Amino acid sequence: MSQEIERAEPVYEAELVDDAAPRLRRWDWREVAGWLVRSPFRFAGAVGRGLVVMTRVWRRWVQVHDYREAAVQSEKLADKFVEIRALTLFRWKVTAAVTGAVSVVVLVADLVWGAVVLWAAGLLAAVALAIAGRRRDGSPGRKAVLAGPRALAWTMDVQLLVDAFRDAKLLGKDESLRLVERATRTGAGWAITVDLPATRKAADVIKHRDALASALAVDEVQLVVERVRGVGGHAGRVFLWVADEDPYGGSPQRTPLLDVERWDAWRPVPFGRDARQRRVELPLVWTSLLVGAIPRQGKTMAARLAAAGLILDPYTRLYIFDGKGGKDWKAAEGVAHRFVCGDGLAEVEAVRDHLVELVAEVQDRYARMSALDDEVCPESKIMPGISRDRSLNMPITAVVIDEVQVFLEHPAKVLVGGKKTTLGEYIVDLLAYLARKGPAAGIVVILATQRPDSQTIPSRLRSVLGSRFALRVMDWRDSNIVLGEQMNTRGYDASTLLPTHKGVGILRPDGETGADALALVVRTYYMANPEWQEICARGRVLREQVGTLSGHAAGDDSSPGVDAVSVFGVLGAGSVPDVELPEPLASVLHYLGGELDEREFVPTAELVEALDVEPTTFGRQMGELGCRPVRQYVPGDDGEVRRVRGYLTADLRTAVAEINSER
Ligand SMILES: Nc1ncnc2c1ncn2[C@@H]1O[C@H](COP(=O)(O)OP(=O)(O)OP(=O)(O)O)[C@@H](O)[C@H]1O
């Protein structure tokens, strides 16, 4: 009895003390009743779990799992395969023999002693299973919810997922998830679709993906969270996929471009695979690409993959500039119309001259496109037919610059249009013009850098680059420089990628190209050096066949001699100033890109949808930055003209100019 007595707390003055000093653990009758009512269910639950546990134990045993794993670890699976198969077969036979023997014994016992034996055996088995499947309290550390014996429990019991959402503070205490689609086995993982309560947003789950991964006790690279969009989707519907193991481990896949004879630059280029091994393709025409990463993460590989698609199209003209000056791009010399490799003054000046030549060409293309027949060129934009018509001389032209910071940071003083500047600044202006005006005229700008900071790539250049790919970077600021303002707060931060995951990065496709997701994690395809050389060699043969080998590749390095002054005149026009703009104005300008100059009015609804922002807050923040909405008549998708709220691009430009002058 004395052991059951709890020591009373010290008694303080004015404290009420219960008379019945020795406090015993007393059961409330409601607790007892509750326990009695719940126990059959708990027993049944434990039996169910026990069944799952025992089935798994048996399956691992029959498949010789540990032996197999040891063989995989020591990379001897192939050698041990026959042995493992023989052992598996033997264990299947043992299973069959034991099952047969037990059935016979039970049958005989049933005949001799009657049905009571069956009941007794069943009960015994149920108790044994319940013991195997009981919930073990107090086991140290957290167990991965989705690994081991509980994987099946999770797929059967959504409550575990609800608990994880609550632990990650994505659901309140009284809120719950609604199951849209049961958990199913999809690829090498489990997929489930759920609806959040009406007040919650899928975007927040994406944002706090790491908290959810922690609550589920899996590494965040194993957890994929996507919004379900379009028909059948809404802002509160979430698709979750949890990989069994690191989806970016294993050996990389080779690029499918190696299996094709030629490619069409108008088709999106095969770029890599996402966590679920779905193909990710990158449209390049009518847009541009910025790749950023710290060294040795796969930046050159990513840029070369994009270039490879263009190299395999003989109608594409290539300007290839490599600031590193190594061997990485050497093979492309045989296909490039202009080729510069190195970081000396002569090389930087050559790059400048080639870019000036291109800017002049863009102007010329616009002039010629406006003179073309409406049927050939309906909207002052290059079309596939035009780009392949040799007589029009407007092929898709790609400017690929690796280690672009070498050119952008060059400090040599130059005089441009009577104004003192540096060579680097001038190249920034030229590239910004090309990225802004070029896409519609068939110019594709692809830039790769290991210095993604705001000085190196000023916002007037960044804001006009369409697609972004960030491999691992130093910190979230650098990540935002590549991916766009505030992308880290939306759950996309390339500094959290793992150093061992070479070639894995966050891709933010150009919104204009109709991409569904805001961004996605991609592992690029792998293209070994000999394969890259093979693609370049094939590109050369193709160009020789159709007669498009030109410039440097054809041994002709002469420049057409462009009037640099006339080019200078167009550079300043409408360019976005070089300051960090506050949000949401920065995102608006990024979204509009070159359209800032081309459009007169942007409906608020369009911006709210494109930027995925809350309309009231957006309106207030824009107001604080001096942008007031106006009403204008615009034609809708159905052709009907409606009066809608929106912003005049002139007002946006004025706001930018004012912010600029205040700094
Ligand atoms: N998708 C991939 N899968 C596996 N390994 C990859 C992948 N992409 C790149 N790598 C490996 O990562 C390493 C670095 O690649 P790469 O040379 O492209 O990086 P980088 O960032 O351009 O480096 P640097 O800054 O030195 O130019 C290479 O050894 C390459 O083989």
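Bear in mind that the values in this text are calculations on the coordinates, not laboratory data. None of the values given here were measured: they were computed from a predicted structure. Positions of Cβ are generated from backbone atoms using ideal geometry, with glycine treated the same way; all protein chains shown enter the neighbour counts.
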Can you give me the Cα centroid spacing of segment 389-414 and segment 227-282 in angstrom? 29
What distance in nm separates the two pseudo spin-label positions at Asp246 and Thr422, each 7 Å out from Cα along the beta-carbon direction? 3.9
Efficiency of FRET from Cβ geometry, Lys327 and Glu534, R₀ 22 Å, rounded to 0.05: 0.90
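So how do Glu403, Glu333 line up by other beta-carbon neighbours within 10 Å, fewest first?
Details: Glu403 24, Glu333 15.
Starting with the residue having the fewest Cβ neighbours, the order is Glu333, Glu403.
Any chance you could run the full-extension gain for Val260 through Glu220? It's 0.36 nm times the residue separation minus the Cα-Cα distance, nm to one decimal.
On the way: separation 40, 0.36 × 40 = 14.40 nm, distance 3.55 nm.
Gain on extension, Val260 to Glu220, equals 10.9 nm.
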Given the Cα-Cα distance of Ala517 and Tyr366 and 0.36 nm per residue of separation, how much length would full extension add, in nm? 51.1 nm
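Tell me, what is the FRET efficiency for Glu31 and Val106 to the nearest 0.05, using R0 = 60 angstrom and their Cβ-Cβ distance as r?
For Glu31 and Val106, the calculated efficiency is 0.90.
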Would you mind ranking Val53, Val444, Val414, Val400 so that the residue whose beta carbon has the fewest other beta carbons within 10 Å leads the list? Val414, Val53, Val400, Val444
Ranked Glu281, Glu658, criterion: other C-beta atoms within 10 Å, fewest first: Glu658, Glu281
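Cα convex hull of segment 150-243: how many Å³ per residue? Could the numbers behind the result be given before it?
Details: hull volume 8.6 nm³, N = 94.
Dividing the Cα hull volume of segment 150-243 by its residues yields 92 Å³.
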Residues with amide H under 5 Å from that of Arg254, placed H, sequence gap 5 or more: Tyr526
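Cα gyration tensor of segment 31-132, axes a ≥ b ≥ c as square roots of the eigenvalues: rounded (a/c below 1.5), prolate (a/b > b/c) or oblate?
Verdict is oblate for segment 31-132.
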Per residue of segment 167-178, what does 6.51 cos²θ - 1.76 cosθ + 1.60 with θ = phi - 60° give for ³J(HN,Hα)? Whole Hz please, x for Gly and Pro, Karplus curve as stated. 4, 7, 6, 9, 9, x, 4, 9, 9, 9, 9, 10
For segment 31-132, what does the relative contact order come out to in percent, with C-alpha contacts under 8 Å and a separation of six or more? 52
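Shape of segment 585-662 from its Cα gyration tensor (a ≥ b ≥ c, root eigenvalues): rounded if a/c is under 1.5, otherwise prolate when a/b > b/c, or oblate?
Details: a/c = 1.79, a/b = 1.50, b/c = 1.19.
Note, shape of segment 585-662 comes out prolate.
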For Phe43 and Gln621 in the same chain, what is the full-extension length gain: residue separation times 0.36 nm, less their Cα-Cα distance, in nm? 202.3 nm
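Longer than 23 Å from Cα to Cα, which of Lys330/Lys413; Lys169/Lys201; Lys324/Lys502; Lys327/Lys502; Lys299/Lys327; Lys330/Lys420 are they? Say none if no pair is.
Values: Lys330/Lys413 30 Å; Lys169/Lys201 13 Å; Lys324/Lys502 20 Å; Lys327/Lys502 20 Å; Lys299/Lys327 15 Å; Lys330/Lys420 34 Å.
In this structure, Lys330/Lys413; Lys330/Lys420 lie more than 23 Å apart at Cα.
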